[in-house]
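Working notes, structure below.
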Amino acid sequence: MAGKNMLGIILTNFQDSYIPELTTVRTFSSVPFGAKYRLIDFSLSNMVNSGITKIGIVTKNNYLSLMDHIGSGKSWNLSRRRGGLTFLPPFENTVDKYNTMVETIDSISDFIEHSYEDYVLISSSMAVVNVDYKQLLNAHLKSNADITICYRNAPVSRNTTVDNVVFSLDSNKRVSEVLINPRNIETADCMIRTFVIKKDLLLDIVSDCMSRCKFELVRDVIQPCVKNYKVFGYEIGGYCADIDSIQSYFKANMDLLSAEVREELFNMRNPIYTKIRDDMPTKYGLDSSVKNSLISPGCVIEGEVENSIIFKGVTIAKGAKVSNSIIMQDSIIGENTTLNYVICDKDVVISPTRMLCGIDSYPVCISKKSVV
């Protein structure tokens, strides 16, 4: 079945607490990633590549940078008269209502109900992955499922405030049990917060949960649904990174230094789109040195860069040594500065001769527009 029979819903703010170091001034979905992308680019591009032509982006607060990045949706071919892209900001005077997914879906129920699509695909921007949602819908229909949830077999994350949701599946991929934060399990089938469900069923479940004051997606919806509905899992193959902490964010960026990972995420068949910013080519000084790094256009590199992700417009002065770090757009690294395991947000200025050093599990984070 064509992806155009699915309505896409992307939740943008509800993961802000996962990486508070980078979400003070922006939504989770607009966090920069991989030298030129934002986290929302993956879920949005996956939907577009799967033929979904109507997408609602649910926002809560701090969404100015997200709106600036998405614009009219032209970069994703979503600037159209019918369907296309719709921003769904809070409809009430207070944003306190929008703290859970059930409350959020209830708040946009009119948008969902008046859509002509029969199925709804709900996704966050947590997963950095390239996936064909048409295959997800086909698997959903083939198994005659009520709900089909994406999962991957992976180590159970411990360094996060997010609930770790683990599935037990039978030979037909039907979910028989849902565990939350299981102990003594190292590797399991872990839920990715993306699922497809028939529109009418979604509205019925949400309406019932609201009337019973049940607001948690996993505890109040998915776990009970295992007993009352046919819930199936859809395994995501290939590279997939779940961004649920600053550590996983840092690791996912560093993974891009692998050619194999880049080939899986960024391929010509299903490209990942983003907002285009035209820049001059990067200028490399005579004494500069760059090893195993991703360097965006518009930079001035006069120092040394190794195992790092450098966004557009970054200046790295003479004598500076940047290694194992993420330097975001338009930041300036002063002369004779040493950075190792550091994340610099946008427009950061590091003064000359400074030395900042973290470790791979706890990188040093410098907030946006800071001067060190």
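FYI, it's all coordinate maths here, none of it is from the lab. Here the structure is a predicted model, which is why all the values come from computation and not from measurement. As a convention, Cβ positions derive from the backbone with ideal geometry for all residues, glycine included, and neighbour counts pool all protein chains shown.
As a rough guide to protection, the peptides 332-341, 282-291, 220-229 ranked by mean Cβ packing within 10 Å, highest first, stand as 332-341, 220-229, 282-291. The Rg/Rh ratio of the chain, with Rg taken over Cα atoms and Rh as the Kirkwood radius over Cα pairs, comes to 0.99. Looking at the square roots a ≥ b ≥ c of the eigenvalues of the Cα gyration tensor of region 220-372, which shape do they give, rounded for a/c under 1.5, prolate if a/b is larger than b/c, or oblate? It comes out prolate by the Cα gyration axes.
Taking Cβ atoms as reference points and 12 Å as the exclusive limit, the residues near ASN5 contribute a net charge of +3, counting Lys and Arg as +1 and Asp and Glu as -1.
Once the chain from ASP163 to HIS114 is taken as fully extended at 0.36 nm per residue, the excess over their C-alpha distance is 14.4 nm. Once both labels are positioned 7 Å from their Cα atoms along Cα-to-Cβ, the gap between TYR284 and ILE185 label points is 4.8 nm. Shown is the FRET efficiency for SER176 and TYR362, computed with R0 = 56 Å from the Cβ-Cβ distance and rounded to the nearest 0.05: 0.90. The count of lysine pairs in region 179-274 whose Cα atoms are under 28 Å apart, excluding pairs fewer than 8 places apart on the same chain, comes to 8. Lysines within cross-link reach of LYS318: Cα-Cα under 20 Å, excluding same-chain residues under 8 positions apart? Cα-Cα hits under 20 Å: LYS283, LYS291.
If I model a spin label as a point 7 Å beyond the Cα along the Cα-Cβ vector, how far apart are those points for GLU306 and THR24 in nm? A separation of 3.1 nm, rounded to one decimal place. Between ASN267 and SER351, full extension at 0.36 nm per residue minus the direct alpha carbon distance yields a gain of 26.4 nm.
Counting charges near VAL221 (Lys, Arg +1; Asp, Glu -1) among other residues having Cβ under 14 Å from its Cβ returns a value of -3. Remark: the Cα gyration tensor places region 42-187 in the prolate category, a/c being 1.5 or greater and a/b exceeding b/c. Taking a point 7 Å from the Cα of ASN77 along the Cα-to-Cβ direction, none of the residues of region 101-138 has its backbone N closer than 12 Å to it.
Of all beta bridges that DSSP places with both ends in the chain, some 35 percent have antiparallel geometry.
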